[in-house]
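Before any comments, here is the structure.
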Ligand code: HPA
């Protein structure tokens, strides 16, 4: 295996110069730089990042722990994380905690033992062990998508997520504006901040539309398709079943559609449907789905930026950044299909983040 010293000898420069060229730590004259790169090519030199880590105590790697990576929402987050990490010269170690608090704690420990420089984690509904572990070991961490309860002391943690309440309220008031008086919500897994905020948004929307809250219309689909199918069945079995449905994530939309299909019900003729989460193929559904689109790739990229900021400045105050969603007004709500109507540009919105320090 050729070494850095071999490259230096072949290019006629010092080992320090080779290091500056390869790590971008100092400007090097163009012809010297080219001589180093030519020598690297000719010798087939590959830097030994393990050796570098021993010197710098940094591995230039990020641990990413996100559940349900097969869900397109999380897949897009992952793409955003990967692209931003790569651009900054970081590699990724990925784990799926399966939304299970014990498994979550275990995979995060494994990532930490691999000495990642920091972590991006979408926490489960019971993240106490996880937060305790990360806190004890002062692992720089950005929580993604689900917020940690603000009462948990987390001085060096940052958080990033989409707005959830206001966009859900918008779906409800939109349906109310179309004349619906009985609007059901298929909500997510209890304990997740996204679930709580979407329920709060549903209640806000009902309030803003002057509609009372019938508890029987709020059911839990546990954030997944099978749970939502059962929950939708329960809603449809009510003597005064809802005439419109809001589903609180993409997987639950699929479950709700299955339940409707089994009963031979059509959207929007028999029941109107509005969804949280857009799909890459939502415009192929018939009718096209009226949905809230989360800026998933941007969430991932923002998480990386926040982690790099924290690595550069470990004592900076904690931040919580929220990115806005886009309302994709299509036809499953019962509005007539009109080409090009108020879909905000692009499938995912270009976000202007709102930010607050959690210390303040
Ligand atoms: N959080 C937010 N949005 C989502 C989720 C989630 O866990 N799953 C699908 N869309």
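FYI, it's all coordinate maths here, none of it is from the lab. Worth saying up front: this structure is predicted, and the values here are computed from it rather than measured. No Cβ is skipped: glycine too gets one built from the backbone with ideal geometry, and neighbour counts run over all protein chains shown.
Which FRET efficiency, nearest 0.05, do residue 56 and residue 125 yield, Cβ-Cβ r, R0 30 Å? Mind showing how you got there, number by number?
Working: r = 37 Å, r/R0 = 1.23.
With R0 = 30 Å, the Cβ-Cβ based efficiency is 0.20.
Per DSSP H run of n ≥ 4, the term is -39500 (n - 2.57); total these for the chain, divide by its residue number, and report the mean residue ellipticity at 222 nm rounded to 500 deg cm²/dmol. List each step's numbers first, then the result.
Details: 12 runs with 148 residues, N = 360.
So the calculated ellipticity at 222 nm is -13000 deg cm²/dmol.
Computed FRET efficiency, Cβ-Cβ of residue 258 and residue 115, R0 41 Å: what is it to the nearest 0.05?
Values: r = 44 Å, r/R0 = 1.08.
About 0.40, to the nearest 0.05.
Going by alpha carbons, how many degrees (0 to 90, nearest 10) lie between the helix axis of 193-208 and the longest principal axis of the chain?
40 degrees
Note down the nm distance, to one decimal, between modelled labels 7 Å out along Cα→Cβ at residue 312 and at residue 43.
3.2 nm
Starting from the exponent 0.38 and prefactor 2.2 Å, build the expected Rg for the range 4-47 from its residue count and divide its actual Cα Rg by it.
Working: Rg = 8.9 Å, N = 44, 2.2 N^0.38 = 9.3 Å.
Against the compact-globule rule of thumb, the ratio is 0.96.
Using Cα-Cα distances under 8 Å and only pairs 6 or more residues apart, what relative contact order does the range 124-193 have, in percent?
Numbers: 47 pairs, mean separation 26.6, N = 70.
Relative contact order comes out at 38 percent.
Fewest Cβ neighbours within 10 Å first, please rank 21, 246, 139, 108 accordingly. Could the numbers behind the result be given before it?
Values: 21 23, 246 31, 139 20, 108 26.
The order, fewest Cβ neighbours first, is 139, 21, 108, 246.
Which part of the range 121-141 falls in the paramagnetic zone of residue 87, meaning amide N under 16 Å from the point 7 Å along Cα-to-beta-carbon?
none
Using a cut-off of under 13 Å, list every residue of the range 35-75 whose amide N is near the label point 7 Å from the Cα of residue 98 along the Cα-to-beta-carbon line.
Those under the cut-off are 67-69.
For the range 13-69 and the range 280-303, write down the distance between their C-alpha centroids in whole Å.
37 Å
Per 0.36 nm of contour for each residue apart, how much would the distance between residue 138 and residue 288 grow if the chain were fully extended, relative to their Cα-Cα spacing? Numbers along the way, then the final one.
Details: separation 150, 0.36 × 150 = 54.00 nm, distance 4.66 nm.
The span from residue 138 to residue 288 would gain 49.3 nm if fully extended.
Using 7 Å Cα-to-Cβ label points, what is the residue 34/residue 200 separation (nm, one decimal)?
If labels sit at residue 34 and residue 200, their model points lie 6.0 nm apart.
Once you keep just the Cα pairs under 8 angstrom separated by 6 or more residues, what percentage relative contact order results for the range 4-47? Walk me through the numbers on the way to the answer.
Working: 38 pairs, mean separation 18.4, N = 44.
Normalised by residue count, the contact order of the range 4-47 is 42 percent.
In whole percent, what relative contact order does the chain give with Cα contacts below 8 Å and a gap of six or more residues? Walk me through the numbers on the way to the answer.
Details: 702 pairs, mean separation 55.1, N = 360.
Dividing the mean separation by the residue count of the chain yields 15 percent.
Could you state the angle between the C-alpha long axis of helix 30-43 and the longest principal axis of the C-alpha atoms of the chain, as a value from 0 to 90 degrees rounded to the nearest 10?
The answer is roughly 90 degrees.
Using only Cα atoms and rounding to the nearest 10 degrees, what angle (0 to 90) does helix 225-236 make with the longest principal axis of the chain?
20 degrees
Using just the Cα positions, wrap the chain in a convex hull and report its mean projected area in square nanometres, one decimal place. Write down the numbers at each step before the final one.
Details: hull surface 86.9 nm².
Taking the Cα atoms of the chain, their convex hull projects to 21.7 nm² on average.
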